[in-house]
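Just below is one structure, and these are the notes that go with it.
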Amino acid sequence: MARTELDDHLRTTALKSGATGVDGARAVDARVEGGRVVAVVFERGGRGGERFEIRCERLVVADGVRSPLGKVLGRTWHRDTVYGVAGRCYVTSATHADDPWISSHLELRGEQGEILSGYGWIFPLGPGGVEGAGGVNLGVGTLATAKRPADVAIKPLMRFYADERREEFGLGDELRMPTSALLPMGGAVTGVAGPNWALIGDAAACVNPLNGEGIDYGLETGRLVAELMAERPGADLAAVWPALLRDHYGEAFSIARRLAGLVTVPRLLPSLGPVGMRSDLLMTLALRWMGNLVTDEDRDRAARVWRWAGRRSIARDHRPPFS
């Protein structure tokens with residue numbers, strides 16, 4: 001479904017469960033006493049508008065990839081670790097959406113036919129589609145590091161990708177609600193928690209380095225922090241929350257961002273990518289590993305290899321995830 005629908009559903013669920021909504025305002029600052037956040041400063045009406053405070057005993061920061069409130073609290077993003085540059089839009093489509101499907105194009109090419117270090121995706125939006133018509137979520141993403149930045153204009157690349165797939169998927173001409181962003185990935189941030197506050201989801205760089213996916217991590221980390229606060233109301237989140245994130249995601253994020261970093265090496269992807277991408281075995285493993293689909297209960301060979309690689313990868317990290 002479109003993000004507007006998902007976000008509205010989450011908000012409505014929270015309100016029905018007893019939350020108090022504050023509309024038309026954004027969190028811009030925090031009042032800290034003795035290392036603890038005692039109140040959050042909100043601004044209504046844009047820069048220079050009305051400001052007011054809401055006091056808090058505990059705080060969950062879920063303000064996305066830029067995390068302005070996280071920055072105020074000391075969150076630091078380390079761009080020497082691989083990060084994503086991605087964009088998505090909604091497009092009307094004549095493709096039948098009754099059955100679930102997703103189309104990923106791992107050989108993402110630029111306008112000159114060059115292979116780029118990323119991929120494109122298309123998947124249906126469900127019955128509502130785009131403004132009541134059949135529609136798809138379409139996007140592209142590339143990988144970069146501070147040493148090897150992405151020399152790609154995302155929105156023009158997204159338009160080119162849509163043009164290339166228009167006939168196959170019956171796409172409309174208009175790319176609606178296009179957005180683009182830099183994506184911190186794989187726990188490549190420090191300062192994800194304080195004594196009574198914690199960052200979750202994109203704000204904590206809980207984004208899969210192999211595919212840029214973050215929605216499930218956002219929901220998972222929201223559940224984890226809620227359970228933690230309920231079960232241990234007096235816990236020092238500065239110590240407990242980063243350790244819990246590393247326990248759940250550290251090994252997988254470490255090996256994933258190491259592999260993703262290799263993709264940014266010039267000439268490596270054009271040389272090896274097409275061969276690997278045409279291997280059913282490698283693509284099956286990649287889908288499993290990229291999709292956050294290896295659980296602690298899995299004992300098959302693919303799961304064992306992934307965990308083995310993760311343990312060895314995190315042992316070699318000069319800066320493990322979330323630290």
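Given a 1.4 Å probe and every protein chain left where it sits, what share in percent of the accessible area of region 83-126 is carbon and sulfur? Walk me through the numbers on the way to the answer.
Working: 1030 of 2010 Å².
Roughly 51 percent of what the probe reaches on region 83-126 is carbon or sulfur.
Working note: Karplus 6.51/-1.76/1.60 with θ = phi - 60° gives region 305-312 the couplings 4, 4, 5, 4, 5, x, 4, 6 Hz, where Gly and Pro are set to x.
Ligands, DNA and RNA left out, the accessible area of region 156-221 computed with a 1.4 Å probe is 53% carbon and sulfur.
Full extension from T76 to L262: what is 0.36 nm times the residue separation minus their Cα-Cα distance, to one decimal in nm?
Values: separation 186, 0.36 × 186 = 66.96 nm, distance 2.34 nm.
Length gained, T76 through L262: 64.6 nm.
Do you know the relative contact order of the chain, to the nearest whole percent, from alpha carbon pairs under 8 angstrom that are 6+ apart? Provide the component values of the computation, followed by the final result.
Values: 565 pairs, mean separation 57.7, N = 323.
Across the chain, relative contact order equals 18 percent.
Excluding ligands, DNA and RNA, the accessible surface per residue across the chain is 53 Å² with a 1.4 Å probe.
Oblate is the label for region 1-129. Its Cα gyration tensor axes, ordered a ≥ b ≥ c, give a/c of at least 1.5 and b/c at or above a/b. Only Cα pairs under 8 Å and 6+ residues apart enter the sum, and on that basis the relative contact order of region 1-70 stands at 21 percent. Under a Gaussian network description of the chain, with springs only between Cα atoms under 10 Å, the residue in T142, T92, T20 that fluctuates furthest is T20. In the chain, helices alone account for a calculated mean residue ellipticity at 222 nm of -10500 deg cm²/dmol, with every DSSP H run of four or more residues adding -39,500 (n - 2.57).
Given springs between every Cα pair under 10 Å in a Gaussian network model of the chain, which of V294, V91, V61 has the largest fluctuation? For the chain, modelled as a Gaussian network with Cα springs under 10 Å, the answer is V294. The trypsin sites (Lys or Arg not before Pro) found in region 165-199 include none that occupy coil by DSSP while having at most 15 further C-beta atoms within 10 Å. Under a Gaussian network description of the chain, with springs only between Cα atoms under 10 Å, the residue in D296, D63, D23 that fluctuates furthest is D23.
Taking amide H as placed 1.01 Å from N in the peptide plane, L183 has its amide H under 5 Å from the amide H of G84, V85, A86, each at least 5 places away in sequence or on another chain. The value of relative contact order for region 1-130, using C-alpha pairs under 8 Å at least six residues apart, is 17 percent.
The values are calculated or read from the model by the stated rules, or taken from the named source; none is laboratory data. A quick note: this is a predicted structure, and the numbers were derived from the prediction, not measured. All Cβ positions, glycine included, derive from the backbone under ideal geometry; neighbour counts span all protein chains shown. Calculation scope for accessible area: heavy atoms of the full protein, side chains included, ligands and nucleic acids excluded. Shrake-Rupley method; radii C 1.70, N 1.55, O 1.52, S 1.80 Å.
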